[in-house]
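What follows is a set of notes on a single structure, which appears directly below.
Rule-based calculations on the coordinates, nothing more; no lab input. Nothing here was measured: the structure is a model prediction, and the numbers come from that model. Virtual Cβ from ideal backbone geometry, glycine too; neighbours counted across all protein chains shown.
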Amino acid sequence: MPTLLQINVTANWGSTGKIAEDIGRIAIEAGWESWIAYGRGNPHSQSKLIRIGSDFDMNLHGLQTRLFDNHGLASNKATKHFIKQIKAINPDIIHLHNIHGYYINYEILFDYLKEWGGPVVWTLHDCWPFTGHCAYYEFSNCYRWKSRCYDCPQIKSYPASLCYDRSTKNFFDKQESFLGCKNLTIVAVSDWLRGELKKSFLKEYPLLTIHNGIDLSIFKPSAIKACNNNGKNILGVASVWDKRKGLEEFVKLRDLLPENYLITLVGLSKEQISSLPDGIIGIRRTENVQQLVDLYSMADVYVNPTLEDNFPTTNLEALACGTPVITYKTGGSIEAIDAVTGITVEYKDIHSLSEEIKHICELSLFFRDDCRKRAEKFYNKSIVFQQYLKLYKSLL
């Protein structure tokens, strides 16, 4: 029985944690033994679980990051203990996901991976592995990572440093750690990210794209009727509404769209909800998936004005519920849709965005069946994540 070990900041929680869980489930169904090592939370899983470190370790790692901008270089003791556990498990494949998030020391981890010499798969869900600090850079229009990072314009963004800029040293530390791992294959979750990787110091590794998938038995059109019978329903969803997710774009849209266009935003904080203008309904993050499915199904269009992103799962969820998507031409966000399921708009062109929203709503440009069929064809997680199993077998 082959053994798979995945490493991610979370297990069966959040987007990357659920992806790891689904991959583990598929491996188990194929007769593998599956382990997931994680950094935070108290998850339940079909896979066997290992927590790396403790809450104290994680908080100390976060404090060091804030003070010294050395994210990923703390948690020494926790990582060394975890290496001993890896040796005891003796996996056939080690699959990395997010190795940032205040829980593991990447230098110690990669020193072991190079010594171990077995096949390693690394799914990149963002850009942190090849920059000196940030997880995304489009919003700040910074491309120093192509040569070397310095004077980081996002030093106070995740993983935030309060005063010290170590981006140049981080860039070269990552380069030294991540290069030279002989049996490493890198998976990007969007063609856009794979293209960025080809410009980075990771370009020498085998690179491929495996898009994310979702559970189509859960995300499907519901029969619930919209309450805004005399108008149109616009929906936006995010797990965290920061600037890069486009909250301010929705506030601008409120002034540009007709009054009978109701905007509903899911995932807001109490403070964000209290500051919304009239005509925008704010809903806090919900674990009630059926409520989210109903909101997707009621919407005339799902709007994703993200200002930097990789491959947003919310686009897939909207399509699966039969709702067309409109998005800025940002990162891999445009890859989820085609000419019969949505529209892409030039970056930050808020007036074109509002006009296209009205076209979709007033002219009924898209059919819900086409949106659902695209989700079924390309984003069924039970099919999509089989690609990982095929990759494992080819590496073994």
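Can you sort Glu317, Glu362, Glu376 from fewest to most other Cβ atoms within 10 Å of each residue's own Cβ?
Glu362, Glu376, Glu317
Order by neighbour count: Phe172, Phe201, Phe250, Phe378, fewest other Cβ atoms within 10 Å first, most last.
Phe172, Phe378, Phe201, Phe250
Remind me, relative contact order of the chain in percent, using alpha carbon pairs under 8 angstrom and six or more residues apart?
Here the relative contact order equals 13 percent.
Label point 7 Å out from Lys199 along Cα-to-Cβ: which residues of the range 325-355 have amide N under 19 Å?
From the range 325-355, the list is 328-335, 346-348.
Which order do the peptides 349-357, 94-102 take when ranked by the mean count of other beta-carbon atoms within 10 Å per residue, highest first?
Order by mean packing, descending: 94-102, 349-357.
Straight distance only, please: which lysines reach the Cα of Lys381 with their own Cα at less than 18 Å, same-chain residues fewer than 8 apart left out?
Lys18, Lys220, Lys373, Lys390
Which residue, chosen from Pro43, Val237, Ile89, occupies the Cα position most advanced towards the positive end of the dipole of the chain, where the dipole is computed from +1 (Lys, Arg) and -1 (Asp, Glu) charges on Cβ about the Cα centre?
Most positive-ward Cα: Ile89.
May I ask you to list the lysines whose Cα is less than 19 Å away from that of Lys358, ignoring any residue fewer than eight positions away on the same chain?
Reachable lysines: Lys232, Lys252, Lys329, Lys348.
Taking the Cα-to-Cβ direction at Thr3 and at Leu363 and moving 7 Å from each Cα, how far apart do the two end points lie in nm?
About 5.9 nm, to one decimal.
GluC sites (Glu not before Pro) within the range 59-139: which are DSSP loop residues with at most 15 other Cβ atoms inside 10 Å?
In loop regions of the range 59-139 (DSSP not H, G, I, E or B), there are no sparsely surrounded GluC sites (Glu not before Pro).
Among Cys142, Phe110, Cys181, pick out the residue whose Cα is farthest towards the positive end of the charge dipole of the range 101-237, where Lys and Arg carry +1 and Asp and Glu carry -1 on C-beta, about the Cα centre.
Farthest towards the positive pole: Cys142.
Amide H of Lys232: which non-local residues (sequence gap of 5 or more, or other chain) have their own amide H closer than 5 Å, using H built in the peptide plane?
Amide H neighbours of Lys232: Tyr261, Leu262.
Provide Met1, Met58, Met298 in ascending order of the number of other Cβ atoms located within 10 Å of each residue's Cβ, fewest first.
Met1, Met298, Met58
Along the positive direction of the dipole of the range 232-378 (beta-carbon charges: Lys, Arg +1; Asp, Glu -1; about the Cα centre), which of Ala339, Gln290, Phe367 reaches farthest?
Most positive-ward Cα: Gln290.
Charges at C-beta only: +1 for Lys and Arg, -1 for Asp and Glu. How large is the resulting dipole of the range 232-378 about its Cα centre, in Debye rounded to 20?
Computed about the Cα centre, the dipole is about 260 debye.
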